[in-house]
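A.B. asks: Input: one structure, supplied below.
The values are calculated or read from the model by the stated rules, or taken from the named source; none is laboratory data. Here the structure is a predicted model, which means the values were calculated and not measured. All Cβ positions, glycine included, derive from the backbone under ideal geometry; neighbour counts span all protein chains shown. To get the accessible areas, we keep the full protein, side chains included, count just its heavy atoms, and leave off ligands, DNA and RNA. Shrake-Rupley method; radii C 1.70, N 1.55, O 1.52, S 1.80 Å.
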Amino acid sequence: MPRLFYGALVTPTSRKEYLALPHSLLCVSDAGQIAWVANNVLPSDLQNELARHGLSDDPNLDLVELKTGEFLMPGFIDTHTHAPQMPNVGSGQQYELLDWLQEVTFPMEARFSDPGFARTTYETVVRRSIDCGTTTCCYYGTVHLEATKLLADIVHSRGQRAFVGKCNMNRESPTYYIEPSTEESISATRSLIEHIRSLPASCPPDSPPLVQPVLTPRFAISCTSDLLSSLGDLARSDPTLTIQTHISENASEIAYTKVLFPPESLPPLPPSAGEASRKARDTYAGVYDAYGLLRHNTILAHGVHLEDVEIEVIKAQGAGVSHCPTSNFNLSSGCAKVGALLDKGIKVGLGTDVSGGFSPSILRTVQDASICSKVVAMSAPSKPDDSDGFTNRQLPVATLLHLATLGGAEVCGLGSRVGQLAPGRAFDALVVSIRTDVGNPAVWSADLDARLDVAASGGELGYEGGRGQTETEELEGMLERFLFCGDDRNVRRVYVQGRLVGGKEYTM
Ligand code: GUN
Ligand code: FE
């Protein structure tokens, strides 16, 4: 039996534009795919529209009617986070990256050698991520195989779409938290991949499974050349395997990477290698590229201090960047120049990077991505002449929405499957409410309250916008207020592949 949603809908269409549709009727198939979307269906036309689809006479019709102040939007995509760091959120922000890893992060991650601790922690982490509206999440686990299998199992049973990876780290890590050899690191990685690929399918047969494995060399510093080389071989043997790692986050990290991987130490480039690969040999990106770890399905977190030749090789290999502004501010890493990446045509999504970032919510990341773009714009000596570009300009709401949804989907290889509410895509979606009765006074709208008063006193719920706005403009305003002042109280229902998996109205 198909399910229908009737009401306001917001969805990105490109990096610069989105649709705000006050009266949509969206149909979800039994398989959780969006079957069709009809726009401009006024209440008086609803029955006719249902009849056009042969649905009007069905007494069991499953029709969800959204209320005034509610809207549907695609779920958030968190392209970079660390599940085992959630217990640390809000601690250790006095450090920069390398000290923070040693003092705060590795001690916590080491505790996941205990499967009991892993299970209870990961149950909370996954529930919290879903309830923040994240329908697809790219998770780093720890070095521990058992704990990371548990993370994958929990994500699978909770119904979130996700990539789950076990960190590879066999050097420059504390003795209590390091893999003993390349062989053991690779063999545990293979076991995790097998485990995740043997989880029961919960998707239509022609779709990728909801939970997928991801190769996770933590960052170049934590891997020997031998390990990077073996991971490159593993990646080459399976071009569908997604890869995630960190890049160019912090000045000391970059300098140390260059010390550990001088260009003469890298494997020689094949004769087929392009110009961009040759030029980037002595850079951070050049290290991943030399080991075959920079490709169309690589997710590079941070990219705060990328050099031009690195941007070129990232573009040439088709890798994507996870912008993690909350973390980049919190660990004093810097402001990534996302506008310039967008202008180069690089795929960009958002990452919470818990617990470098102190919130698991992509909403917080959206807010910081906006501020970051303003800091970059204010510090830029001049604006480029090209007024259509993003470089050195503040990111508009349409672009922030894109980064949080469709842009993130592109970064993790799901750009044709999720991130947009459109026919043929999975119904990975949120029902958002900015009504006062959801208990978040920050998202307050005088116009909306005026309309609700009219309704409460039995009046016609026609459009009475206080500032003479159109309904579309009012919906755009609701989206902006949600993005900037909303939190998980406003995320009422979270759907993945058509299944209700979380949100404030969800009860297990
Ligand atoms: N680089 C290597 N490991 C980490 C990590 O856990 N968090 C962040 N932000 N950067 C890293
Ligand atoms: Fe990170």
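A.B. asks: Which residues, taken from segment 126-161, are in a helix (DSSP H, G or I), in contact (Cβ under 8 Å) with a residue 40 or more places away in the chain and surrounded by fewer than 24 Cβ atoms within 10 Å (Cβ to Cβ)?
C.D. replies: Once the filter is applied, which keeps residues that are in a helix (DSSP H, G or I), in contact (Cβ under 8 Å) with a residue 40 or more places away in the chain and surrounded by fewer than 24 Cβ atoms within 10 Å (Cβ to Cβ), segment 126-161 yields 127, 128, 131, 145, 149, 153, 156, 158.
A.B. asks: Okay, moving on. Quick check: is even one residue across segment 80-89 more than 24 Å from residue 304 (Cβ to Cβ) and assigned to a helix (DSSP H, G or I)?
C.D. replies: yes
A.B. asks: How many of the residues in segment 320-332 are assigned to a loop (DSSP other than H, G, I, E, B) and open to solvent by less than 10 Å² (accessible area, probe 1.4 Å)?
C.D. replies: 2
A.B. asks: Oh, and also: Answer yes or no: is there a residue in segment 288-305 that is of a type in the set (D, E, K, R), away from ligand 2 (no atom under 16 Å from the Cβ) and assigned to a strand (DSSP E or B).
C.D. replies: Taking every residue of segment 288-305 in turn, none turns out to be of a type in the set (D, E, K, R), away from ligand 2 (no atom under 16 Å from the Cβ) and assigned to a strand (DSSP E or B).
A.B. asks: Here is a further query. Within segment 261-268, identify whether any single residue is surrounded by 20 or more Cβ atoms within 10 Å (Cβ to Cβ) and in contact with a helix residue (DSSP H, G or I) (Cβ under 7 Å, 6 or more places away or on another chain), and answer yes or no.
C.D. replies: yes
A.B. asks: Also, quick follow-up: Filter segment 303-329 down to the residues that are out of contact with any strand residue (DSSP E or B) (no Cβ under 6 Å at 6 or more places or on another chain) and under 22 Å from residue 231 (Cβ atoms) and list them by number.
C.D. replies: Result: 306, 310, 313, 314, 316, 317, 318.
A.B. asks: Tell me the residue from 230, 272, 277 that is out of contact with any Phe, Trp or Tyr (no Cβ under 8 Å at 6 or more places or on another chain), modelled with pLDDT under 95 and either part of a helix (DSSP H, G or I) or small (Gly, Ala, Ser) (or both), please.
C.D. replies: None of the others qualify; the one that does is 272.
A.B. asks: Please work out which one of (1) in contact with a helix residue (DSSP H, G or I) (Cβ under 9 Å, 6 or more places away or on another chain); (2) touching a residue at least 12 places away in the same chain (Cβ under 8 Å); (3) in a loop (DSSP other than H, G, I, E, B) is the condition residue 56 fails and give its number.
C.D. replies: With (1) in contact with a helix residue (DSSP H, G or I) (Cβ under 9 Å, 6 or more places away or on another chain); (2) touching a residue at least 12 places away in the same chain (Cβ under 8 Å); (3) in a loop (DSSP other than H, G, I, E, B) applied to residue 56, the lone miss is (2).
A.B. asks: Still on this structure, I have one more. What is the one condition in (1) in contact with a Gly (Cβ under 7 Å, 6 or more places away or on another chain); (2) within 16 Å of ligand 2 (Cβ to nearest atom) that residue 131 does not satisfy?
C.D. replies: It is condition (2) that residue 131 fails.
A.B. asks: Moving to a separate point now. Check whether at least one residue in segment 163-181 is open to solvent by less than 20 Å² (accessible area, probe 1.4 Å), in contact (Cβ under 8 Å) with a residue 60 or more places away in the chain, part of a helix (DSSP H, G or I) and not aliphatic (A, V, I, L, M), and report yes or no.
C.D. replies: no
A.B. asks: Can you spot a residue in segment 394-410 that is touching a residue at least 60 places away in the same chain (Cβ under 8 Å), more than 15 Å from residue 138 (Cβ to Cβ) and in a loop (DSSP other than H, G, I, E, B)?
C.D. replies: Among the residues of segment 394-410, at least one is touching a residue at least 60 places away in the same chain (Cβ under 8 Å), more than 15 Å from residue 138 (Cβ to Cβ) and in a loop (DSSP other than H, G, I, E, B), which makes the answer yes.
A.B. asks: Further question on the same structure: Filter segment 335-364 down to the residues that are within 12 Å of ligand 1 (Cβ to nearest atom) and surrounded by fewer than 23 Cβ atoms within 10 Å (Cβ to Cβ) and list them by number.
C.D. replies: 358
A.B. asks: Which of (1) at pLDDT below 85; (2) not in a helix (DSSP H, G or I) does residue 447 not meet, given it meets every other one?
C.D. replies: Going through the list (1) at pLDDT below 85; (2) not in a helix (DSSP H, G or I), residue 447 breaks only (2).
A.B. asks: Also: If we keep just the residues of segment 201-229 that are more than 22 Å from residue 174 (Cα to Cα) and touching a helix residue (DSSP H, G or I) at 6+ places or on another chain (Cβ under 6 Å), which is farthest from ligand 2 (Cβ to nearest atom)?
C.D. replies: Per the criteria, the residue is 211.
A.B. asks: Still on this model: Do you know which residues across segment 216-259 are within 15 Å of ligand 1 (Cβ to nearest atom) and of a type in the set (A, V, I, L, M)?
C.D. replies: Result: 220, 221, 227, 228, 243, 247, 251, 254, 255.
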